[in-house]
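Report on the structure given below.
The values are calculated or read from the model by the stated rules, or taken from the named source; none is laboratory data. Because the structure is a prediction, the values reported are computed rather than measured. Glycine gets a Cβ as well: all are built from the backbone with ideal geometry, and neighbour counts include every protein chain shown. When the accessible area is computed, the model is the full protein with side chains, heavy atoms only, and any ligands, DNA or RNA have been set aside. Shrake-Rupley method; radii C 1.70, N 1.55, O 1.52, S 1.80 Å.
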Amino acid sequence: LMPGDPEDLLPGTRVDRYLVLKMIGRGGMGVVYMAYDEELDRRIALKLLAPHARGDEASSGAQRLLREAQALARLSHPNVVSVFDAGSFEGLVFLAMEYLDGVTLREWRAAQPRSVREILAVYAQAGRGLEAAHAAGILHRDFKPDNTVIDAGGRVRVLDFGLARLGPSLASFPELEMELADTEIMRTPSIPLRGPLTQFGDLLGTPAYMAPEQFRGGPIDAKTDQFSFCVALHEALYGLRPYDGGTLAELRTKLEAGDVPEPPAGIKVPGSVRAALLRGLRPKPDERFASMGALLAALEATTGRRRTNVVIAASAAVVVAGLAVVSAGRSSRPPMCAGTESEMNGVWDDAQRAAVASAFDRSGNPRAKDAWNRVRPVLDDYAARWVAMRTESCVATRVRGTQSDEALDLRTACLDQRRAELSATVAALSTAAEKLVDDAVKTARALSPLDACADVPALRAPFAQPHDPAARARAAAIRDRIGRATALVHTHKFEEAANLASEAAHDAHDLGNRALEGAALLQQADAEGFIGRMEAAHRLAHDAALASNVARDDSTEASAWSELVLTIALGDGRVEDADEYAALADAAITRAGGSYALRSELAQRRGDVLYARGKIRESVPVYEEAVSFAARAWGPDSARTAERDVDVATSVGDLGKTREAIARLEGDVAKEAAEYGDASPLLASTLYD
């Protein structure tokens with residue numbers, strides 16, 4: 001190994017705790033290796049600074065790679081590649097990322113003819129990845145077909161955020177003007193654009209996909225990524241980019257004019273799709289869609305089939321449509337995975353919407369209308385993503401053959417539990433009392449995350465399927481009860497939740513399924529804690545941790561140990577045990593993949609223990625850690641992140657830093673108001689502080 005030459009890394013070389021297996025790719029700024037993480041027993045993609053970088057260029061490249069790590073570490077979304085770790089090796093920066101076995105969108109498009117619906121389905125996933133990045137305050141700045149991969153399971157992932165620029169907002173990045181003004185390529189506009197990509201020297205981004213404001217070095221925002229997305233989608237649909245030129249000068253002139261040529265004859269793309277593309281390709285950012293979400297809605301609304309459930313259709317129809325195209329010609333039968341949206345019948349459909357809306361009206365709560373307008377899109381989105389994930393999983397196994405039957409069973413079982421939880425939540429909201437109306441948005445956002453149902457290795461413990469049909473049915477019934485118990489806790493029906501979870505735990509014990517037993521015991525502990533029976537909550541959480549450990553259900557075990565830290569903070573159990581429980585929780589979180597949500601929860605509870613001990617100064621950095629993880633899990637502006645920050649403000653205020661505390665709390669109130677409404681009683685506690 002010669003220092004600074006990543007291309008010389010041989011199989012068996014160790015980079016930190018990672019064992020290099022082979023080189024798998026090289027780009028403008030990095031070399032990527034397949035590597036093995038011995039600690040977590042998994043393959044990863046290991047990216048190091050490119051071998052040609054030296055001196056100032058190496059320093060700049062290192063900074064870009066670190067920005068990539070920081071940007072991706074803040075994202076947790078099924079359509080964005082996951083970054084696990086970052087560090088340095090022999091003076092080089094490395095990133096440990098999720099290993100994706102798949103093809104780029106460019107390779108996928110070139111492999112065989114693709115229909116309009118098939119292309120829209122794939123690009124919709126990429127668009128949702130960009131939308132999630134924007135929600136977290138991150139710009140990609142270099143979206144193109146070569147920076148997006150379809151993995152072996154058929155899921156699209158956006159990667160290479162090395163040009164992402166982090167900041168407190170997506171408003172403006174004036175330093176980019178200086179960065180571009182001095183580049184060789186901008187001083188030499190006659191440089192030819194060779195090949196499908198570009199020769200771009202130090203220019204950040206790929207000119208063929210760049211928005212006009214990037215060429216000008218002006219302010220950029222989420223609409224800049226929207227422009228690049230539309231260039232790539234136009235190319236996928238029509239086989240050519242909307243703006244092209246032999247040189248940079250020609251390309252820039254066409255971009256500024258905004259004159260997109262007529263599409264090639266013989267390619268039939270719906271007029272509404274073309275209209276959406278043309279709007280996203282307008283030279284002036286203000287003339288484009290307000291957000292990626294708005295663009296995706298315009299594109300997805302063109303699938304052509306009218307349904308009463310418009311929101312579910314918008315999110316799921318592109319997936320079903322893609323399935324129909326794949327299946328066409330093989331059989332005259334309807335697609336075997338079509339119609340998944342019918343599984344929301346009686347769970348969240350027009351009748352359920354009407355029931356909840358009516359219950360809100362009858363509640364007598366003066367904030368009912370605002371609460372309904374806020375909670376409906378949250379539930380609509382959850383149901384739509386459930387349908388899309390259920391369909392995608394079916395397609396991966398039954399149509400593409402890229403996912404095993406076992407994986408389909410595991411994902412289906414997980415999704416069924418989520419559906420039971422959604423159903424119970426909707427049932428509670430349809431009998432809404434005044435307080436439940438006020439808590440509706442918070443309750444809906446507390447629904448168990450769907451992303452976990454795509455993590456097949458993590459599902460093998462809690463969702464393992466017995467071979468005996470009768471045992472499988474019993475396991476499914478237990479999961480259903482756990483899902484409903486979870487919803488009952490969130491809707492304040494704690495006694496009912498405790499009883500239902502207890503029944504599920506006993507049945508799981510009789511069945512010999514320790515994973516389900518642990519999950520049920522944890523829900524029972526949660527309910528008992530809310531009731532105030534702390535001794536019972538402590539005992540049940542301890543039993544849940546042990547059962548989950550035996551079953552190797554790391555996520556549930558982590559939550560159980562974290563619950564024990566909370567019971568100690570609330571006065572039950574020995575204070576000296578809190579550090580041990582926290583260490584066990586941290587280890588389980590690491591084994592589970594390092595969930596930011598779990599880390600935030602644990603940090604908050606560790607801070608609570610310190611605060612309860614009177615160690616207020618020591619609690620501040622721990623509470624701040626909880627806020628940092630919350631921002632990565634749910635976004636810096638989410639109400640859940642604000643609620644974590646209130647703990648920081650309280651401790652800071654107790655230390656006499658009144659102005660800092662007030663400034664924090666004012667920001668927290670603003671974030672809570674944006675999510676819950678200005679008049680929501682959920683703001684009362686923060687306003688009181």
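Quick look at the numbers
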read-out	value
For the range 337-346, 3J(HN,Hα) per residue [Karplus equation, 6.51 cos²θ - 1.76 cosθ + 1.60, θ = phi - 60°, Hz, x = Gly/Pro]	9, 6, x, 4, 4, 5, 6, 8, 4, x
Linear extension gain, D350 paired with A294, 0.36 nm per residue minus alpha-carbon span	17.9 nm
Sulfur and carbon atoms: percent of accessible area, the range 351-406 [1.4 Å]	46
Candidate aspartates and glutamates for bridging to K268, where Cα separation is under 17 Å - those fewer than 8 sequence places away on the same chain excluded	E118, E235, E300
Relative contact order [Cα under 8 Å, 6+ residues apart], the range 358-487, whole percent	36
Percent accessible area from carbon and sulfur atoms, the range 451-492, protein chains only, probe 1.4 Å	60
Percent RCO, i.e. relative contact order, over the range 603-686, from Cα pairs under 8 Å lying at least 6 residues apart	23
Cβ-Cβ FRET estimate between K435 and T104, R0 fixed at 45 Å, reported to 0.05	0.35
Kirkwood-based Rg to Rh ratio, the range 497-627, C-alpha trace	0.99
Separation in nanometres of the label points that stand 7 Å from Cα toward Cβ, at L687 and E580	4.5
FRET efficiency estimate (nearest 0.05) - Cβ-Cβ, T253 to L546, R0 60 angstrom	0.30
Per residue value of the accessible surface for the range 392-501 (all protein chains in place, 1.4 Å probe), Å²	38
Efficiency of FRET from Cβ geometry, E503 and I616, R₀ 30 Å, rounded to 0.05	0.10
Distribution of pairwise C-alpha distances over the range 561-689, 10 Å bins, in %	14, 40, 34, 11, 0
Surface share of carbon and sulfur [accessible, 1.4 angstrom probe, percent] for the range 497-553	46
Separation in nanometres of the label points that stand 7 Å from Cα toward Cβ, at E496 and A670	4.0
Packing-based ranking, highest mean first, of 97-110, 543-556 given that Cβ atoms within 10 Å are counted	543-556, 97-110
Long pairs among K442/K671; K22/K47; K369/K493; K435/K671; K223/K284, criterion Cα-Cα beyond 19 Å	K369/K493; K435/K671
Charged-residue dipole, Cβ positions (Lys, Arg, Asp, Glu), the range 611-669 about Cα centre, Debye nearest 20	180
Kirkwood-based Rg to Rh ratio, the range 584-652, C-alpha trace	0.99
The range 534-603: C-alpha pair distances exceeding 19 Å, %	24
